[in-house]
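First the structure, in the form of structure tokens, and then the observations on it.
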Amino acid sequence: MAKLLLIDALNLIRRIYAIDVDQGASEQQIMQSCKARVHNACSKLLRRIEPTHAIAVFDGERSWRYHYYADYKHSRKPMPEQLKQNLSFIAQGFKECGITAFFPEQDEADDVIATLASKASNNQVHSVIVSTDKGFLPLCCENIDIYNYFSKSFTGHSEIKEKFSVPYHALTELWALMGDKTNDIPGVKGIGKKTAVELIAEFGQVEHALNSTTLASATRRKLEQDLDNFILSKTLVSLQTDINLGFNLSQLRVIERK
């Protein structure tokens, strides 16, 4: 039976690089070590997940979100230049394990991975997404698992509810309401996590809340005054699942290395 391994490449690489760069080695040694660690991580993932197909997805140059909202991720530190210049070299760590390394021109890895996982799920193919990025959690379902390589743990619906106080399918509504500082997504002014969680628990969605006569007047006022930012934020935090990728599952079969 087919199983698809989807690796958020930069999410994995940047954490491995952060460990290596603190060792005080030369640039060449750091890059060699980073590639070796990526190879080792992939070997462990292949043994742990036992996929038939696999791909490591990098980020494109500038996705649609940067054009849609100029301040998207504007406060994030840029990727270290020495790492940026050596990504193709480090990507060999994936390829040497028989895993396809994909560099899209513009699309974010999140949207590419979401598209692949969703298409696979629709065809009853099980996927495992390897990332520490919370943005993938709304995809969590019977056919899609989320795995943290560094903590060696899967995140399920109960863990999501415990951490965020809302069910997995309400996460985009939560982040659109309260914003997401890590990605510079504004949310609704004056609404924090407590109010957002209470609103979702009572009404499920902002649309239902605004159509209700029982919504608190103060919350209604905040929503109505900043509705444009809510719509913008929800668009930004929602993963695309319909990208035209130009390849199919059969091309991602894991190539056994001897």
Counting only residues in the stretch 1-47 that are of a type in the set (Gly, Ala, Ser) and under 13 Å from Phe94 (Cβ atoms), the one surrounded by the most Cβ atoms within 10 Å (Cβ to Cβ) is identified as Ala9
Gly60 fails exactly one of (1) within 25 Å of His126 (Cβ to Cβ); (2) open to solvent by less than 30 Å² (accessible area, probe 1.4 Å), namely (1)
Within the stretch 217-254, residues being surrounded by 13 or more Cβ atoms within 10 Å (Cβ to Cβ), part of a helix (DSSP H, G or I) and small (Gly, Ala, Ser) number 1
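The values are calculated or read from the model by the stated rules, or taken from the named source; none is laboratory data. Fair warning: this is a prediction, and the values are worked out from it, not measured in the lab. Methodologically, a virtual Cβ is constructed for each residue, glycine included, from the backbone with ideal geometry; neighbour enumeration extends over all protein chains shown. Ligands, DNA and RNA are excluded from the accessible area calculation, which covers all protein heavy atoms including side chains. Shrake-Rupley method; radii C 1.70, N 1.55, O 1.52, S 1.80 Å.
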